[in-house]
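Working notes, structure below.
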Amino acid sequence: MRRIDDSLWKGLLEVIFDDVLRFLFPGAGEFIDLGRGFEYLDKELTDLAPAPGLKPDNRRVDKLVKVYASGGEDEWFLVHVEIQGQSSKNDMFPKRMYDYHCRMSIRHDKPITGIALFTGPDGGSITDRYGYRIWGSRLLYQYNTYAITETSEEELLANENPFALVVLAARLALPAYQTQEETILDKKLRIADRLFENKQISIRKRDAILVFLENIFVFSSTKFRCIFDQHINTLTHKSEAMDIFEELAAYKVERVQESVVRKLLAKTDFSDEDIAAIVDNTVEFVEEVKELIEEEKEGRPR
């Protein structure tokens, strides 16, 4: 990968790490306590030199993450993530995954799972294991792999997971995708549209993915850069306007609900639970309306 790609991946992974896990392991939420967040031990991983006498490589795109297991307050394990994009180093990659696994295992004495994300054009051909057999002894270390070329564009666009859009964006840096900048522009615009259409993506994640999309491939054409920037500006302002409209709509709905609650309290003997069910709101909302009515009776300002 280019050095700028390294920085982009490093800045993005921590923001969307939960989505990466859900993308690679659809049932991740069943055995990982995603609500507890993660602890990133990258400095520690950097200190684990790949071989005695060699200096740590700060330019590598790798992550060592402490992940909490579901069902146990103190149960945790480690996730080791490596992003590999340089084909020239593929032969040594499995051995390096094994070396880091050994060093981390000695230091922590905790279960470790390895994940290799291949961002190069030949990622699908790289092995997912390291091992050997000699004189009756056998060693095998196997890790998880995902190549950005292995999932179709249609599948990725249909996937609601934010990491699917990251994969689509990462493909734009592949040589095969860089034949015509006009084609890349179309793909960038489509990814951006999906990014803003998905309301489940938080603003923090959206902004991080947008930075990745903008910089993973930079147009040499000023014209295309301007078209893309203008499109993003339009999407951003449209999103902000939609947020305002949604807040206004929610306000109007709540006012109507309040009016209905007032009438039901005045003219029926329904319980708070019954009224909450009728207006499709919470019991707490009904109680708040009752407090407002009492304040108005006492002449207190609302």
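The values are calculated or read from the model by the stated rules, or taken from the named source; none is laboratory data. In this text, all values refer to a predicted model and were calculated from it rather than measured experimentally. Positions of Cβ are backbone-derived with ideal geometry, glycine not excepted, and every protein chain shown enters the neighbour counts.
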Helices (runs of 4 or more DSSP H) wholly in the stretch 1-102 with at least 2 residues that are within 21 Å of Leu174 (Cα to Cα) and at pLDDT below 90 - which ones? 3-13
Tally up the residues in the stretch 212-235 that are in a helix (DSSP H, G or I), in contact (Cβ under 8 Å) with a residue 24 or more places away in the chain and within 23 Å of Glu155 (Cα to Cα), please. 3
What tally of residues in the stretch 220-235 results from selecting those that are under 25 Å from the mean Cα position of the chain (by Cα) and surrounded by 11 or more Cβ atoms within 10 Å (Cβ to Cβ)? 6
Which ones in the stretch 178-200 are farther than 19 Å from Cys226 by Cα and free of Cβ contacts under 8 Å to residues at least 12 places away in the same chain? Thr179, Glu197, Lys199
Restricting the stretch 190-211 to residues that are outside any helix (DSSP H, G or I) and either under 17 Å from Asp18 (Cβ atoms) or of a type in the set (Ser, Thr, Tyr) (or both), which is farthest from the chain's Cα centre (by Cα)? Asn198
Any chance you could count how many residues in the stretch 96-115 are of a type in the set (Ser, Thr, Tyr) and closer than 16 Å to Glu44 by Cβ? 2
Name the residue that is farthest from Lys10 (Cα to Cα), counting only residues in the stretch 151-187 that are in contact with a Pro (Cβ under 8 Å, 6 or more places away or on another chain) and surrounded by fewer than 12 Cβ atoms within 10 Å (Cβ to Cβ). Ala176
Does Glu197 satisfy the criteria of being closer than 30 Å to Ile184 by Cα and at pLDDT below 85? no
Of all residues in the stretch 120-157, how many are among the small types (Gly, Ala, Ser) and either over 13 Å from Arg171 (Cα atoms) or in a strand (DSSP E or B) (or both)? 6
